[in-house]
Amino acid sequence: MQKVNYYIIISILLISSGFAQQKIKVGIDEKLGNTIPLDLKFQTSEGDTVALQDIINKPTIIALVYYECPGICNPMQSELAWTIDKLQLEPGKDFQVVSISFDHKETPAIAAKWKKNYLFTIKRNFDPKNWLFLTGDSLSILKLTDACGFYFKPAEKQFVHAATLIVVSPLGKITRYMFGTSFNPFDVKMALLEAESGKSSPTISKVLQYCFSYDPQGRKYTLNVTRIVGSFILLGVGIFLAVLLLKKKKEGAQING
């Protein structure tokens, strides 16, 4: 009887392990910390061939979409354009945006049409080269989407897929996923500052990174009250000790005098 139970337990563990290892068919499997394959080559909306390593040299927002999507891609990219307008960072210096089609049948001409549409809605001074619209072959697309944990599947003449922005560092490391079709400009700003790690940041940026932390459940940045209160307590203790030392020195000087 014990032997039978043993085999049952082993079978359940093997089955559970098999389910755990199953690949997500549609959706996002977060690959935080992974580096995307920067040697992959894509075509720009102007028809030029570029490697990712040639264009990703600063904090970058990557949008995996297909341009003729009748569903969530259009509102997501429209919202991204709106967010760029509100973002308190300098395009081209502090960040850039790269949209990449996961439909290998889409052409640079299609990318150019949609780039013009989205850039037209941006009101701030924005150089078009700071938002690239790329297309590529099926192998390059598959390698990139796998590295990002972005899984989709064709359905009739469309694709079933999730909506997310992927923020990567200047070295191509995935640092944050931002889900959905609407974005808080502050959250996007924090994600880009986070992606800039390893590079010198302005003092205000360092203060923001210290005071706010990412909430994985709410998928947003929240004020880190514990850290701030702890800092004030340490500061208060430091001031208190300094006052005591100063007072002790004064008393010692008076006695000696």
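The values are calculated or read from the model by the stated rules, or taken from the named source; none is laboratory data. Bear in mind that the values here come from a model prediction, so they are computed numbers and not experimental data. No Cβ is skipped: glycine too gets one built from the backbone with ideal geometry, and neighbour counts run over all protein chains shown.
Scan region 125-148 for residues that are farther than 20 Å from residue 58 by Cα and at pLDDT below 95 and jot them down.
Passing the criteria: none in range.
Would you mention how many residues in region 64-81 are of a type in the set (Phe, Trp, Tyr) and modelled with pLDDT of 95 or more?
1
Scan region 51-63 and give yes if some residue there is outside any loop (DSSP other than H, G, I, E, B), under 24 Å from residue 155 (Cβ atoms) and at pLDDT 95 or above, otherwise no.
Yes, because at least one residue in region 51-63 is outside any loop (DSSP other than H, G, I, E, B), under 24 Å from residue 155 (Cβ atoms) and at pLDDT 95 or above.
Residue 38 is checked against (1) surrounded by 18 or more Cβ atoms within 10 Å (Cβ to Cβ); (2) at pLDDT 95 or above and fails just one. What number does that condition carry?
Status for residue 38: all satisfied but (1).
Among the residues that make up region 74-96, is at least one of them in contact (Cβ under 8 Å) with a residue 24 or more places away in the chain and more than 22 Å from the chain's Cα centre (by Cα)?
no
Of 162, 112, 147, which residue is part of a helix (DSSP H, G or I), aliphatic (A, V, I, L, M), under 23 Å from the mean Cα position of the chain (by Cα) and more than 17 Å from residue 92 (Cβ to Cβ)? So that I can check it myself, show each step before the final result.
On the way: 162 fails: part of a helix (DSSP H, G or I); 112 fails: under 23 Å from the mean Cα position of the chain (by Cα).
Being part of a helix (DSSP H, G or I), aliphatic (A, V, I, L, M), under 23 Å from the mean Cα position of the chain (by Cα) and more than 17 Å from residue 92 (Cβ to Cβ) holds for just one of 162, 112, 147, which is 147.
Kindly list, by first and then second residue, each pair from a residue in region 149-175 that is among the charged types (D, E, K, R) to a residue that is part of a strand (DSSP E or B), limited to pairs with Cβ atoms under 8 Å and residues at least 6 apart or on different chains.
Between residues of region 149-175 that are among the charged types (D, E, K, R) and residues that are part of a strand (DSSP E or B), the close pairs are 153/159; 153/160; 173/35.
Quick check on my filter: what residues within region 41-73 are within 10 Å of residue 133 (Cα to Cα), touching a Pro at 6+ places or on another chain (Cβ under 9 Å) and surrounded by 17 or more Cβ atoms within 10 Å (Cβ to Cβ)?
43, 44, 45
Does residue 101 satisfy the criteria of being out of contact with any strand residue (DSSP E or B) (no Cβ under 7 Å at 6 or more places or on another chain), among the polar types (S, T, N, Q), at pLDDT 95 or above and closer than 21 Å to residue 24 by Cβ?
no
Tell me, yes or no, whether region 202-212 has at least one residue that is at pLDDT 80 or above and closer than 14 Å to residue 59 by Cβ.
If we filter region 202-212 for residues that are at pLDDT 80 or above, which is where we start, we get none.
No - not one qualifying residue is present in region 202-212.
Among the residues of region 34-50, count how many are more than 19 Å from the chain's Cα centre (by Cα) and in a loop (DSSP other than H, G, I, E, B).
Residues that pass the stated criteria total 7.
Taking region 74-103 on its own, how many of its residues are outside any helix (DSSP H, G or I) and either surrounded by fewer than 15 Cβ atoms within 10 Å (Cβ to Cβ) or hydroxyl-bearing (Ser, Thr, Tyr) (or both)?
The total comes to 6.
Among residues belonging to region 151-180 that are surrounded by 17 or more Cβ atoms within 10 Å (Cβ to Cβ) and among the β-branched types (Val, Ile, Thr), point out the one that is farthest from residue 102 (Cα to Cα).
My answer is 175.
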